[in-house]
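The values are calculated or read from the model by the stated rules, or taken from the named source; none is laboratory data. Predicted model, so just to flag it, every value in this text is computed and none were measured. No Cβ is skipped: glycine too gets one built from the backbone with ideal geometry, and neighbour counts run over all protein chains shown. For accessibility, only protein heavy atoms count, side chains too; no ligands or nucleic acids. Shrake-Rupley method; radii C 1.70, N 1.55, O 1.52, S 1.80 Å.
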Amino acid sequence: MTDTLTAVASVVFDGPCAALPDMLDARERRAACQRQLLAEAGGAESLLSITLSIPGPHKTSAVLERVFDELVAQVDAALADVAVRSRTRLGGVSGPELLMLVALPARELKLRMVNIEQTHPLGRLADLDVLERTGDTLSSVQRSELGFEPRRCLICGEEAKACARSRAHTVSEMQERIAQIISQGGCI
């Protein structure tokens, strides 16, 4: 890392360490909450799950909370014309999370969220997942279902999931790039 980016990254990732059990507990807690909220949902409601895409053990800090709040503000603006019946904030060392029941069909909601991911300076750091209930099954609307390409790696531009699976880049490389995006996005 360059000295400047190293200093910025140390501020961005100055938070508690999330161990694997913390991440697994957070995933189970989020899934249980998603199931509960979708069980309460009306027929025209979809569930939006907002998290940050942050590799490594540091998932929250004062800076990452500001990034999250900025992205939530963008989501709120994108949904200003529709009813949001429920907002459930989760979080902890695993990072900030927000679940929202939104009065939109899942595909329309996903289109609005992809727009944020692709156009907002911090959108690349957001995981804006849209879920719907079909009978007893929860399903997530995928970008590919709407004609969009998979998300790209912040470092090399290849498919992000492939780079993550193969661990093509180090955590410090990813943190440097994330710190750069956050700095350019005005949250530092």
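Observations on the model:
- Scanning segment 51-86 for residues that are in contact with a Pro (Cβ under 7 Å, 6 or more places away or on another chain) and hydroxyl-bearing (Ser, Thr, Tyr) yields one hit, Thr60.
- A search for C-beta distances below 7 Å between a residue of segment 87-106 that is at pLDDT 90 or above and any residue that is assigned to a loop (DSSP other than H, G, I, E, B) and small (Gly, Ala, Ser), counting only pairs 6+ apart in sequence or on different chains, returns Glu97/Gly91; Leu101/Ala41; Ala103/Ala44; Ala103/Ala83; Pro105/Ala44.
- A residue that is assigned to a strand (DSSP E or B) and either touching a Pro at 6+ places or on another chain (Cβ under 8 Å) or polar (S, T, N, Q) (or both) cannot be found anywhere in segment 7-26.
- Of residues in segment 40-65 being of a type in the set (S, T, N, Q) and under 16 Å from Val130 (Cα atoms), the one most open to solvent (accessible area, probe 1.4 Å): Ser53
- Of residues in segment 92-109 being open to solvent by 30 Å² or more (accessible area, probe 1.4 Å) and of a type in the set (Gly, Ala, Ser), the one nearest to the chain's Cα centre (by Cα): Gly92
- Pick from segment 66-86, criterion assigned to a strand (DSSP E or B) and in contact (Cβ under 8 Å) with a residue 40 or more places away in the chain, ranking: most open to solvent (accessible area, probe 1.4 Å): Arg85
- For segment 143-161, a residue qualifies if it is among the small types (Gly, Ala, Ser), open to solvent by 30 Å² or more (accessible area, probe 1.4 Å) and either closer than 26 Å to Val63 by Cβ or under 18 Å from the mean Cα position of the chain (by Cα) (or both), and the qualifying residues are Ser144, Gly157.
- From the options Leu24, Leu38, Leu20, Leu52, residue that is among the hydrophobic types (A, V, I, L, M, F, W, C) and in contact with a strand residue (DSSP E or B) (Cβ under 6 Å, 6 or more places away or on another chain): Leu38
- Selection of segment 172-187 for residues being surrounded by fewer than 14 Cβ atoms within 10 Å (Cβ to Cβ) and not small (Gly, Ala, Ser) yields only Gln184.
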